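The values are calculated or read from the model by the stated rules, or taken from the named source; none is laboratory data. All figures in this text were calculated on a predicted structure; none of them were measured in a lab. So basically every Cβ, Gly included, is an ideal-geometry build from the backbone, and we count neighbours across all protein chains shown.
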Amino acid sequence: MPAFSIRARLTLWFSALLTVTVLILAGAAYALLWYGSMQDMDDALQGVARALEQQAPRRGSPFVPADVDALFRRFFGFSPWDRYVQRRDLLNPLEPRRQAARPGTLPLSAEARRNAAAGRETYETVEGLAEFPVRVLTKPVLAGGRIRNVIQVGMSQENLYATRRRFLWVMAAVLPLGLLLAAGGGWTLARRALAPVEHMVEAARRIGAERLAERLEESGTGDELDRLSGVLNAMLERLDLSFRQMRQFSADASHELQTPLTILQGELEVALRSPRTPEAYREAIQSALQEIERMAVLVEGLLLLARADAGMLRLDLKPMDAAQLLAEVFERTQILAQSRSIALDLEALEPHLVLGDRERLRRVLLNLVDNAIKYTPAGGRVTLALQQRDGCVCLLVRDTGIGLSEAEQEHIFQRFHRAGSARDHGAQGSGLGLCIARSIVEAHGGTLQVVSRPGEGSTFTVCLPHAA
Ligand code: ADP
């Protein structure tokens, strides 16, 4: 498996996102825990300070009421050391020295003193008093309208630190384990989700040029992978069709070339078998030349189709009058029509400019008129006409010939296809003419269509874009 398969990438992304989410959540929980506990501690300190404030201080004794232990138990759920509860006389100059002499006394910072003088409380965290920092509230006490004393209540943060340590331990243990589980889950999920893709890869690997009839399995759920299978199957269908057409085309082309070659070989062998008169040799050579000509026409047609398929059909496009072209074709086919006792008409034509390759379009029209004469019984009529439709110039070749059934109309533009009616009619042909004609017209950006009824006749219409 490649190092960064979709599966690996999905798992990585999934795990990375989960890690970030969990870290954000853990950070938020940590902050909430820490600041919430701090707030609770401050509230409790405030409660104790208020209770102490309401008790009148006894003269000469440091302020530690007898029931302080009960007070602490009420607010904190346990009792800390009493040395963290004290009252200070702000006006007594000896007071700071007296207090400082006692070990474990809460310090009165300059800021707390200033705040107290201004009637404000101060919350501080004092380090160095004991093993853990102590949270201290310094609260000024009003007596006779003046601030004389401050009450200081302190509490060790030992419990807070212990809770924090436990929280971090749990996180350190749970986080990697959770991530490991998530990565494993992601890996399994990705495998399950991508299993149909694996099947498709296997099936696609099996399908080669020789097995194009095989199809990928479609689940029918309509999800993305099902749609992908559908699209690939449709592509296989088209590939299969073009492969079959190509094979058919090669077989037909070989067959069409083989016939004149066999005739050529036979004729030359017969000519060489015994000495002949110069006249007989001349006849044999002429017949051989005719076959070679047939082959040359066929090969030229095949080459043109191959170029058109590859989009390399070169056209010498120039503005030209379509009516004039039709008149020219009319002139050139008149004798052929007369020889088959068919009336050839040219309907009154006005000049219409199109952008076209004169030689190639002449070839298309000659082919259409040739067919019309070929597939129309003696006494019939072939008409050449010109019409203007939706910005297009349409050249029509209409006949009163054998016509084509609907099914035949669909196939006559395919390579080497000859309708059964044409064969019954006894007409010769290769079945390439219409296919070449359509390729040329389409290379001009135009269309070649047929409208026909068996026994009544056909109309072939070449529509070309009007020259601007
Ligand atoms: P070919 O005429 O050499 O067989 P084409 O490609 O020109 O080849 O024509 C293909 C087939 O279309 C013909 O074999 C014939 O069956 C049918 N076809 C073409 N033109 C006509 C027409 N005017 N009337 C009836 N059938 C036609």
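Which of the residues spanning segment 298-347 are touching a Pro at 6+ places or on another chain (Cβ under 7 Å) and either small (Gly, Ala, Ser) or surrounded by fewer than 12 Cβ atoms within 10 Å (Cβ to Cβ) (or both)?
Selection gives Ala323 alone.
Yes or no: Arg165 closer than 30 Å to Tyr35 by Cα, surrounded by fewer than 15 Cβ atoms within 10 Å (Cβ to Cβ) and over 32 Å from the mean Cα position of the chain (by Cα)?
Values: closer than 30 Å to Tyr35 by Cα: yes; surrounded by fewer than 15 Cβ atoms within 10 Å (Cβ to Cβ): yes; over 32 Å from the mean Cα position of the chain (by Cα): yes.
Considered against the rule, which asks whether it is closer than 30 Å to Tyr35 by Cα, surrounded by fewer than 15 Cβ atoms within 10 Å (Cβ to Cβ) and over 32 Å from the mean Cα position of the chain (by Cα), Arg165 comes out as yes.
Just the residues that are over 12 Å from Val364 (Cβ atoms) and within 13 Å of the ligand (Cβ to nearest atom), please, taken from segment 457-468.
Gly457, Ser458, Thr459
Which numbered condition trips up Gly128, out of (1) in the same structural domain as Ala31 (by TED's automatic domain parsing); (2) at negative phi; (3) modelled with pLDDT under 90?
Status for Gly128: all satisfied but (2).
Of all residues being part of a loop (DSSP other than H, G, I, E, B) and either within 17 Å of Ala253 (Cα to Cα) or more than 10 Å from the ligand (Cβ to nearest atom) (or both) in segment 425-435, which is nearest to the chain's Cα centre (by Cα)? Just the residue, please.
We begin by selecting, within segment 425-435, every residue part of a loop (DSSP other than H, G, I, E, B); these are 426-432.
Now drop any that are not either within 17 Å of Ala253 (Cα to Cα) or more than 10 Å from the ligand (Cβ to nearest atom) (or both), which leaves 426, 428-432.
Numbers: Gly426: 55, Gln428: 52, Gly429: 49, Ser430: 46, Gly431: 43, Leu432: 41 Å.
Among residues in segment 425-435 that are part of a loop (DSSP other than H, G, I, E, B) and either within 17 Å of Ala253 (Cα to Cα) or more than 10 Å from the ligand (Cβ to nearest atom) (or both), the one nearest to the chain's Cα centre (by Cα) is Leu432.
Report, ordered by the first and then the second residue, all pairs with beta carbons closer than 7 Å, sequence separation of six or more or different chains, a first member in segment 319-344 that is farther than 30 Å from Gly391 by Cβ, and a second member that is of a type outside the set (A, V, I, L, M, F, W, C) and surrounded by 13 or more Cβ atoms within 10 Å (Cβ to Cβ).
Ile342/Thr376; Ile342/Gly380; Ile342/Arg381; Ala343/Arg381
Output the number of the condition that Arg363 fails; it satisfies all remaining conditions of (1) closer than 20 Å to Lys318 by Cβ; (2) buried (at least 19 other Cβ atoms within 10 Å of the Cβ); (3) not aromatic (Phe, Trp, Tyr).
Going through (1) closer than 20 Å to Lys318 by Cβ; (2) buried (at least 19 other Cβ atoms within 10 Å of the Cβ); (3) not aromatic (Phe, Trp, Tyr) one by one, Arg363 breaks only (2).
Can you list the strands (runs of 3 or more DSSP E) found entirely within segment 330-397 that contain at least 1 residues being within 16 Å of the ligand (Cβ to nearest atom), modelled with pLDDT of 95 or more and basic (Lys, Arg)?
Values: elements: 343-346, 353-356, 381-389.
Correct list: 381-389.
Can you pull out the residues in segment 398-424 that are under 20 Å from Leu344 (Cβ atoms), more than 8 Å from the ligand (Cβ to nearest atom) and of a type outside the set (Val, Ile, Thr)?
Answer for segment 398-424, where residues must be under 20 Å from Leu344 (Cβ atoms), more than 8 Å from the ligand (Cβ to nearest atom) and of a type outside the set (Val, Ile, Thr): just Arg398.
Conditions (1) at negative phi; (2) part of a helix (DSSP H, G or I); (3) out of contact with any helix residue (DSSP H, G or I) (no Cβ under 6 Å at 6 or more places or on another chain), marked per residue:
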{"site": "Leu137", "(1), (2), (3)": "yes, no, no"}
{"site": "Gln152", "(1), (2), (3)": "yes, no, yes"}
{"site": "Met171", "(1), (2), (3)": "yes, yes, no"}
{"site": "Leu175", "(1), (2), (3)": "yes, yes, yes"}
{"site": "Leu180", "(1), (2), (3)": "yes, yes, yes"}
{"site": "Thr188", "(1), (2), (3)": "yes, yes, yes"}
{"site": "Ala203", "(1), (2), (3)": "yes, yes, yes"}
{"site": "Arg215", "(1), (2), (3)": "yes, no, no"}
{"site": "Glu218", "(1), (2), (3)": "yes, no, no"}
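Within segment 256-300, how many residues are in contact (Cβ under 8 Å) with a residue 40 or more places away in the chain and touching a Phe, Trp or Tyr at 6+ places or on another chain (Cβ under 9 Å)?
Matching residues across segment 256-300 total 1.
Is at least one residue of segment 436-456 under 30 Å from Lys318 (Cβ atoms) and either within 7 Å of the ligand (Cβ to nearest atom) or not assigned by TED's automatic domain parsing to the domain that holds Leu326 (or both)?
no
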